[in-house]
Amino acid sequence: MGGLLNYSSDTLPVHHLASALVGAGFEVSRFRPVERTLLDTFDGRLHAAGIRVEVRKGAELQLIVSDGGPAPAVVVVDRVPSVGGDLPPGPLRARLAPLLDVRALRPTVSISGLHATAVRRNESGKAIVAVDLHDQLAAPPGEALSVRWTAEVSPFEGYAKAAHQAEELLGSLGLTRRDGGVLDLAADELAIDFRGHLDSPTVALDPAEPAAEGFRRVLANLADTIDANRPGTVDDIDPEFLHDLRVAVRRTRSVLSHAKRVLPADGRDHFKAEFRWLGAVTSPLRDMDVYVIEWPGYVAPLDPETVRVLAPVVDHIERRRAAEHVVLAGHLGSPRYRGLMTAWRAWLDAPATEKPSSKKEKSAPALGPIVAARITEAQEQLLSRGRGIGPATEAEELHELRKDAKRLRYLLECFGGLLPASSRKPFVQRLKAVQDNLGEHQDTEVHTTQLRAMSQELHGAPGVTADTLLAMGRLTEVFDRRRQDAREQFAERFATYDTKPTARTLAELLRGLS
Amino acid sequence: MKVLATYSIKGGVGKTTSAVNLAREAAISGSRVLVWDLDPQGAATFFFRIRPKVKGGTERLVSSKGDLAEHVRASDLPGVHVVPADFSLRHLDLHLDGSKRPTERLASLLKGVESRYDVAFLDCPPSISLASESVFGAADALLVPVIPTTLSSRTLHQLSDFLGGQDSPPSLLPYFSMVDGRKRLHREVMASLRSEWPHLLTTPIPNASIIERMGPERAPVGAYAPSSPAAQAFAGLWAEVATRLWA
């Protein structure tokens with residue numbers, strides 16, 4: 001059977017419909033207050049997966065999960081779930097938690113009103129069709145909807161005839177049929193887009209347009225991402241807001257660093273410094289977020305007793321995380337932040353462009369050749385540094401190589417609008433394999449250092465025993481082994497990247513830009 | 001989709017009451033549930049107030065043209081759908097015997113609906129036959145109710161021995177059913193079997209008159225006596241099963 005069928009009328013009072021349903025053999029319950037809310041993540045990942053999670057607050061709090069299939073999952077809950085771990089254990093959590101990952105569920109659209117259910121039963125007392133009546137519809141907090149009431153036919157699998165008869169009855173009363181349920185109706189009227197906010201660094205670009213215009217558009221898009229993720233970071237909804245904000249800041253800095261002779265020099269250095277500040281103030285909280293998210297994986301190699309005695313470390317991380325959040329929320333509400341973003345937008349909107357540096361450059365440079373040159377330079381820098389790294393090279397050089405790889409990756413992503421997806425994706429996959437190795441190497445080194453520092457901080461703290469400190473030592477060893485493994489694997493990973501096929505893929509990627 | 005069969009060689013041990021009540025518990029904890037009544041007596045079908053009718057008969061259902069989705073009926077419990085039984089299922093063995101790869105046929109039919117449900121309960125008739133082997137081929141786990149008596153524990157051993165000889169058998173999840181804690185024999189057999197079967201599910205289902213009321217109520221216990229010890233026991237049993245299979 002299909003989904004809900006939604007009916008309404010501008011003229012017929014709802015109690016006339018209720019009477020007609022009773023006359024047709026339906027049992028109609030009393031009207032009771034109800035609130036219905038759809039939940040999704042900020043980036044609409046449930047919608048993208050074709051799943052709807054609705055909270056229905058009436059006599060009890062119900063969670064209704066549907067995916068277009070015939071049997072929605074209906075579960076009574078004590079509270080509205082926020083993250084995957086709040087869902088009841090079992091198949092529902094197994095299905096949704098991996099999809100949500102670290103993202104939190106937030107309301108997307110709500111309606112309130114009075115609700116009654118009309119049910120028709122067969123001779124065995126079995127329900128064969130239901131009609132949900134919603135009256136006094138409103139969208140909290142107080143938004144009126146154009147439709148005062150609706151009737152939604154809920155077909156029962158295997159009882160198509162009864163559903164058809166109910167539709168005929170509603171049609172005979174002159175009710176207007178609409179597609180979708182009452183929440184779709186509210187979303188339409190309130191212009192709510194279920195697709196959510198998608199943080200894509202890629203914007204439409206033309207290789208022949210002036211480079212300054214393309215750069216400005218890329219940077220303005222990144223500024224949108226920073227602004228969009230600030231409230232969720234300040235409200236501490238989920239760690240992905242901060243992650244996406246930080247990535248947008250890093251991309252902004254990277255694009256600015258490639259904007260020499262494209263954007264005016266006067267503001268460039270100032271904004272590079274300011275975005276460096278913004279990136280730096282977000283790091284302490286992100287470090288703690290990574291600990292919280294990755295902790296189960298970190299301690300997986302340890303025995304259960306060692307994990308148990310590490311509980312004070314988890315508490316310490318959570319306390320530090322809470323403190324770092326307060327600090328960051330302060331920065332993101334500060335005059336410096338607001339001033340930065342206001343000035344940044346104004347600078348991006350300003351018409352001025354960099355003056356041609358030579359007489360040869362009489363007109364503004366085109367975007368395509370500039371981007372091709374920047375990508376080529378970034379790749380050459382990456383290869384040059386990578387080829388110089390051997391078993392005895394200092395770790396700092398690998399960290400610099402990681403930055404080189406990020407710079408190249410950000411160029412490919414931010415100017416992806418110029419590049420054919422068919423060759424961009426395989427190239428990015430090759431690059432990502434190197435980045436994963438460099439990331440593992442640096443992250444485990446940072447964790448090793450941080451854990452040693454934490455051991456000092458926790459020494460003598462209440463509840464921290466010698467066993468806890470020894471367990472921290474074992475965890476440090478786990479990180480150190482992982483770091484060594486990554487270091488040993490580097491040469492092979494880099495050699496796989498530094499090949500003729502990679503060069504060919506890059507050449508194909510840049511073919512249309514010059 | 002996980003396929004769980006309530007199964008026992010012995011009759012009258014609580015297979016159908018378990019299937020119906022665990023289906024409700026699975027649904028109210030958020031699962032999309034299918035109950036396939038494979039018993040020609042159609043007791044599960046009756047409890048769900050559904051007309052006992054296999055559209056086109058069992059022969060057509062298990063034939064190569066069979067499509068399980070065509071037989072699904074929504075129950076009155078949100079999230080629970082049912083494939084009803086009728087008397088034609090008494091020839092299930094015969095019809096399976098006439099099909100290609102009979103021991104894989106039920107699995108093949110379930111594959112057609114696996115994206116729609118999280119859990120399928122197969123309520124099986126008491127026997128050990130070709131149909132049982134097809135159930136074993138389809139099930140991820142057998143939920144085996146055991147009355148704590150000598151004969152019931154003997155049939156558990158028989159089943160365990162039989163599965164031991166199968167290629168990739170389903171997990172065996174026995175649990176105590178129709179328990180009367182006042183009976184010394186029940187207490188003794190439970191203690192003995194618990195030490196012998198460390199994986200035995202720990203929540204016992206009591207022998208309670210409230211469970212017998214499922215007949216006149218035509219509903220799972222939790223629907224009409226949600227705070228009764230029996231309803232709580234089925235909830236506890238489902239929580240254990242969910243933890244074993246999805247944790």
- line: In debye to the nearest 20, the charge dipole size for the range A:248-338, taken about the Cα centre with +1 at each Lys and Arg Cβ and -1 at each Asp and Glu Cβ, equals 760
statement: Exposed GluC sites (Glu not before Pro) being those in a DSSP loop with at most 10 other Cβ atoms within 10 Å, the longest stretch of chain A free of them is A:124-393
message: Treating only the Cβ of Lys, Arg, Asp and Glu as charged (+1, +1, -1, -1), what charge dipole size does chain B show about its Cα centre? Round to the nearest 20 debye.
response: 380
query: What's the average, rounded to a whole number, of partner chain beta-carbon atoms within 10 Å of each residue's beta-carbon in A:63-70?
result: 4
statement: Among A:260/A:500; B:65/B:111; A:126/A:161, the pairs whose Cα-Cα distance exceeds 18 Å are A:260/A:500
- request: State the answer as a single residue: which of B:127, B:79, B:237 lies farthest towards the positive end of the charge dipole of chain B, with beta carbon charges of +1 for Lys and Arg and -1 for Asp and Glu, about the Cα centre.
  value: B:79
message: Given Cβ point charges of +1 (Lys, Arg) and -1 (Asp, Glu) and nothing else, what value in debye, to the nearest 20, does the dipole of the protein assembly as shown about its Cα centre take?
response: 780
query: Mind checking the mean number of beta-carbon atoms from other chains within 10 Å of the Cβ atoms in B:69-76?
result: 5
message: Within the range A:245-272, name every residue whose backbone N is under 13 Å away from a label modeled 7 Å from Cα of residue A:343 along the Cβ vector.
response: A:266-272
statement: Given pairs B:10/B:55; B:55/B:100; A:425/B:2 and cut-off 32 Å on Cα-Cα distance, the over-length ones are A:425/B:2
query: When only C-alpha pairs under 8 Å and at least 6 residues apart count, what is the relative contact order of the range B:1-88, in percent?
result: 33
- request: List the relative contact order of the range B:202-247 as a percent without decimals, with contacts defined as Cα pairs under 8 Å and 6+ residues apart.
  value: 42
- request: Quick one: what are the phi-derived ³J(HN,Hα) couplings along the range A:162-171, Karplus 6.51/-1.76/1.60 with θ = phi - 60°, whole Hz, x for glycine and proline?
  value: 5, 5, 4, 5, 5, 4, 4, 4, 5, x
- request: Find, among the trypsin sites (Lys or Arg not before Pro) in the range A:22-70, those assigned to loop by DSSP (not H, G, I, E, B) with at most 15 other beta-carbon atoms within 10 angstrom.
  value: A:30
message: I need the calculated FRET efficiency for the pair residue B:70 and residue B:163, taking r as the beta carbon distance and R₀ as 22 Å, to the nearest 0.05.
response: 0.10
- line: Applied in sequence order to the range A:86-96, the curve 6.51 cos²θ - 1.76 cosθ + 1.60 (Karplus, θ = phi - 60°) yields integer Hz couplings, x standing for Gly and Pro, of 7, 6, x, x, x, x, 5, 5, 4, 7, 8
query: Sequence-distant or interchain residues sharing an amide H contact under 5 Å with residue B:36, placed H: which?
result: B:83, B:121, B:122, B:123
query: Based solely on its DSSP helices, what 222 nm [θ] is calculated for chain B when runs of n ≥ 4 H residues each add -39,500 (n - 2.57) and the sum is averaged over all residues, nearest 500 deg cm²/dmol?
result: -12500 deg cm²/dmol
message: Using amide H atoms built in the peptide plane, which far-off residues or other-chain residues are under 5 Å from residue A:203 H to H?
response: A:416, A:417
- prompt: Looking only at other chains, what is the average number of their beta-carbon atoms within 10 angstrom of each beta-carbon in A:90-101?
  reply: 5
- prompt: Residue farthest toward the positive end of the dipole of the range A:86-136, with Cβ of Lys/Arg at +1 and Asp/Glu at -1: which of A:112, A:134, A:89?
  reply: A:89
statement: To the nearest 0.05, the calculated FRET efficiency linking residue A:143 and residue A:61 through their beta-carbon distance, R0 being 22 Å, is 0.45
query: Of B:111, A:403, how do they rank once you tally other Cβ atoms within 10 Å and put the fewest first?
result: B:111, A:403
query: Taking amide H positions as placed 1.01 Å from N in the peptide plane, with prolines and chain starts having none, which residues 5 or more places from residue B:171, or on another chain, fall under 5 Å of its amide H?
result: B:141, B:142
- line: With x for Gly and Pro, the residue-by-residue ³J(HN,Hα) of the range B:157-164, computed from phi through the Karplus equation 6.51 cos²θ - 1.76 cosθ + 1.60 at θ = phi - 60° and given in whole Hz, is 5, 4, 5, 4, 5, 4, 5, x
task: Can you find, among B:34, B:56, B:3, the residue farthest towards the positive end of the dipole of the protein assembly as shown? Put +1 on the C-beta of Lys and Arg, -1 on that of Asp and Glu.
output: B:56
- prompt: Can you give the angle from 0 to 90° between the axis of helix B:229-246 and the longest principal axis of chain B, with both taken from C-alpha atoms, to the nearest 10?
  reply: 60
- request: With an 8 Å cut-off on Cα pairs and a minimum separation of 6 or more residues, tell me the relative contact order of chain B in percent.
  value: 25
field: Peptide ranges A:217-224, B:193-200 listed from the most packed, as the mean C-beta count within 10 angstrom indicates
entry: A:217-224, B:193-200
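Where a number appears in this text, it was derived from the coordinates with a stated rule and is not lab data. Being a predicted model, the structure only gives us computed values, none of them experimental. Every residue, glycine as well, gets a Cβ built from its backbone with ideal geometry; the counts of neighbours run over all protein chains shown.
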